[in-house]
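To start, the structure under review is shown below, and the notes come after it.
The values are calculated or read from the model by the stated rules, or taken from the named source; none is laboratory data. Everything numeric in this text was worked out from a predicted model, so none of it was measured. Cβ sites come from the backbone with ideal geometry, for glycine too, and all protein chains shown count toward neighbours. To get the accessible areas, we keep the full protein, side chains included, count just its heavy atoms, and leave off ligands, DNA and RNA. Shrake-Rupley method; radii C 1.70, N 1.55, O 1.52, S 1.80 Å.
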Amino acid sequence: MVHRCFIPKRFLRKKAIFHHTLHKSAVGHRPTTTLSVALSGGAGLCAGLALSEPRAAAPIAIAAAVVLLTVLRRQNSFLHELRAFSVFACSFLIGALFWVGLGIYRPPANDLGDTLLVCGVLVAFHTALYCVCFATLRAGCRALQKRGMLALAACTGLGWTSAEVIRTMGFWALPWGLLGYSQVDNAILRGLYPIAGSAGIALAIWAIAAACIQSIQSFRQSGRLFKLTTAWVLACIAGWSLQHVAWTRAMEHPITVRLVHTHWPEDTKYNPTEQLEAMAALYAAAQNPEANIVVFPELFLVQRPGVLPANYRRAVAEAARISRVSLLFGMPGLAFQTDIPGTEGGAQQNTLIHIDGAGTAKTYVKELLLPFTEYLPDTPALSWAYPYLYRYPLADFLPGASVQPPLIAAGVALGPTICSELAYPGKAARQAIDASLLVNVSSDSWIASSFYVAQALTIARVRAAEAQKPLVRANNVGFSAFIDANGQILSSLIGHAGSGTMDIQPRSGATPYVRIAAWLSQ
């Protein structure tokens, strides 16, 4: 005999509602493919574009990391995670580096199709680099059955940081647009630059994003929320305190530095009229004893030293000796390379000339040349692009040696870099470790983009904060600026020709980051 169990209908309805809710929480709350792509792409694009405005970049970078970690956490497979991460990385690179296309687009030499082809390959290569680093770490965590929020944040942060370090090295190097550059105005993270550099800052961003997500999830748990709040307060106090730690020492006497900002666009920079003005300005600076050091932009004179009249060179050196003024200015130098076909015994180098207070001339030659604009890399992996690229004037330079004699001006050891060298962390650290004043001569006229100009200034600020030493930057088109040892702008020039003078306090010693980065770079 079979006994039937009668269950009230209202109980069955409640049970059905419970199972439907459970199914929605397990499946329905996961973002759709379109939503995941939109959130990841939008967050990456905002973080990339914000790099050109440091004050906005500080919160936007952390918010973008929170969005990506949230999207990644809701993916139900490794491939879906990789897709969301790749969309974020690609969008970030496009937002941070879209100005590269403005530099390549030079019709009729390079039309729109050529520019899109080269930029597309460039972005695809660097996106793949980010994805490989992330996928390698994430696959290892999954193999170890570690799939929680902590493992996800660690894989994302370490993968991203590893990719940023790798893409600053080798012939593929493109060290602009790093996420770690975004926190130079962050009062909490700024103190980490002398310890961990921009790479360590990038890792800290992902750690903060993971902590934000955990705090939001613990909002209803009063005990856990109290612990997290206490941890946040202690972390903020520690971060704020670190920026007041002096890793370097102020020297006894300040020196007076004058920066000259020429503001000559690319199409007029090489005109004879501007060059005559440059020669007159250099001679006038040599006669003026008001500053200890006068710094002019990169390629301020475009003639080779032997082309300049001998009496002019002697007059400048003699005036500098009488006034006790040190002059720093850029011009193409001559390197004797008899083994290079077609050079006829000599080739050009991007050179910084230093005429010291005794009237003696010394040089620093740019070591890390900018690919495709200052030289064409001799590698089959890139040679396919050469027919599509515009040839810049003076674009056949030879690199300088990795170790060069130091420049001493007004009794102060200088750490010189020329233009894009400042973007390479290892090179900048090698120049800064024994220097007391960092000097960068630049010419940002090769790309007509306010985004690039702003990023270049941010990079200069980061390099000063990493070394905890003042930096002076003389530019042609772009920002000329006096930057203090904490990466803060003391004074700047942009938009018109002129000059500025300021007393600068040199600093000796080296930060932990500079010591490590210089050692690794060697």
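Computed values, structure above
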| quantity | calculated |
| --- | --- |
| Residue tally, condition in contact with a Lys or Arg (Cβ under 8 Å, 6 or more places away or on another chain) and either within 16 Å of Ala317 (Cβ to Cβ) or in a helix (DSSP H, G or I) (or both), over region 257-287 | 1 |
| Ser198 being among the polar types (S, T, N, Q), open to solvent by less than 20 Å² (accessible area, probe 1.4 Å) and assigned to a helix (DSSP H, G or I) | yes |
| Residue match in region 374-386 (condition: open to solvent by less than 20 Å² (accessible area, probe 1.4 Å), part of a loop (DSSP other than H, G, I, E, B) and at pLDDT 80 or above) | no |
| Condition check for Arg30: in a helix (DSSP H, G or I), modelled with pLDDT of 50 or more and open to solvent by 90 Å² or more (accessible area, probe 1.4 Å) | no |
| Meets criteria (among the hydroxyl-bearing types (Ser, Thr, Tyr), modelled with pLDDT under 95 and open to solvent by less than 40 Å² (accessible area, probe 1.4 Å)) for Ser450 | no |
| In region 126-156, residue farthest from Thr168 (Cα to Cα) [restricted to those that are over 21 Å from the mean Cα position of the chain (by Cα) and among the β-branched types (Val, Ile, Thr)] | Thr136 |
| Residues that are open to solvent by 40 Å² or more (accessible area, probe 1.4 Å) and either free of Cβ contacts under 8 Å to residues at least 60 places away in the same chain or on the phi > 0 side of the Ramachandran plot (or both), drawn from region 485-506 | Gln488, Ile489, Leu490, Ser491, Ser492, Gly495 |
| In region 49-88, the residues that are under 16 Å from Leu137 (Cα atoms), modelled with pLDDT of 90 or more and of a type in the set (Ser, Thr, Tyr) | Ser86 |
| Residue check, Val439 in a strand (DSSP E or B) and of a type in the set (Val, Ile, Thr) | yes |
| Given (1) in contact with a Phe, Trp or Tyr (Cβ under 7 Å, 6 or more places away or on another chain); (2) under 30 Å from Pro265 (Cα atoms); (3) open to solvent by 10 Å² or more (accessible area, probe 1.4 Å), index of the condition Gly509 fails | (2) |
| Candidate set: region 468-482, residues that are at pLDDT 95 or above and not in a strand (DSSP E or B); chosen: the one nearest to Leu242 (Cα to Cα) | Gln468 |
| Odd one out for Tyr283, checked against (1) under 25 Å from the mean Cα position of the chain (by Cα); (2) modelled with pLDDT of 85 or more | (1) |
| Some residue of region 467-482 being on the phi > 0 side of the Ramachandran plot, open to solvent by less than 10 Å² (accessible area, probe 1.4 Å) and either out of contact with any Ser or Thr (no Cβ under 7 Å at 6 or more places or on another chain) or among the small types (Gly, Ala, Ser) (or both) | yes |
| Hey, Tyr283 in contact with a helix residue (DSSP H, G or I) (Cβ under 6 Å, 6 or more places away or on another chain) and open to solvent by 20 Å² or more (accessible area, probe 1.4 Å) or not | yes |
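So that you can scan it fast, the table gives a plain yes or no per residue for (1) closer than 23 Å to Phe479 by Cα; (2) among the basic types (Lys, Arg); (3) free of Cβ contacts under 8 Å to residues at least 24 places away in the same chain:
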residue	(1), (2), (3)
Thr248	no, no, no
Met251	no, no, no
Ile255	yes, no, no
Asp267	yes, no, yes
Asn271	yes, no, yes
Ala278	yes, no, yes
Ala286	no, no, no
Ala291	yes, no, no
